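A quick write-up on the structure given underneath.
Where a number appears in this text, it was derived from the coordinates with a stated rule and is not lab data. Given the structure is predicted, the values throughout are model-derived calculations rather than measurements.
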Amino acid sequence: NTGAGGPLMPTVFQHLASFGPARVTLNGKPFVNPYSGPTAPAWFGAFKVSEGVRSAIDGTVQNQSGGIFSPMSPADGATDPDDLEIQCIFHDDQLPPPGNMANFPPRHRFFYWLTFEDVTVQILQNG
């Protein structure tokens with residue numbers, strides 16, 4: 001638990017990440033943040049390419065012994081460095097600064113998290 005955001009997942013290595021205000025559309029129309037906060041009317045967003053945390057069998061996030069991960073025991077989370085996931089996240093408020101341990105439960109009023117599995121990253125060089 002880094003303290004930067006709620007400990008909803010085990011701490012993972014991020015190969016690529018970006019954070020900041022996000023404009024979201026739904027069916028081609030703006031999906032505006034109706035909540036107050038420093039990024040409104042935009043959302044606070046994140047895009048991450050990270051090591052895997054979801055079970056290939058049932059999609060659950062697991063602990064070291066194969067049970068369901070508990071945010072109350074963040075150090076017991078299991079990760080798979082040989083698996084890649086892409087995560088697209090947006091929520092109503094920005095993350096607390098790192099080290100702010102008053103992050104559980106998460107203080108968001110709206111939180112949307114998309115995870116894409118079976119990710120392959122290919123690096124191409126032009127020229």
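In order along segment 19-33, the Karplus-derived 3J(HN,Hα) couplings, from 6.51 cos²θ - 1.76 cosθ + 1.60 at θ = phi - 60°, round to 9, x, x, 10, 9, 10, 10, 10, 6, x, 10, x, 10, 7, 6 Hz, and Gly and Pro are given as x. Here the 3J(HN,Hα) profile of segment 36-44, calculated from phi with Karplus coefficients 6.51, -1.76 and 1.60 at θ = phi - 60°, is 6, x, x, 9, 4, x, 7, 9, 8 Hz, Gly and Pro shown as x. Here the Debye sum runs over all C-alpha atoms of segment 14-116 as equal scatterers in vacuum, and log10 of I(q)/I(0) at q = 0.14, 0.15, 0.17, 0.19 Å⁻¹ comes out as -0.66, -0.75, -0.94, -1.10.
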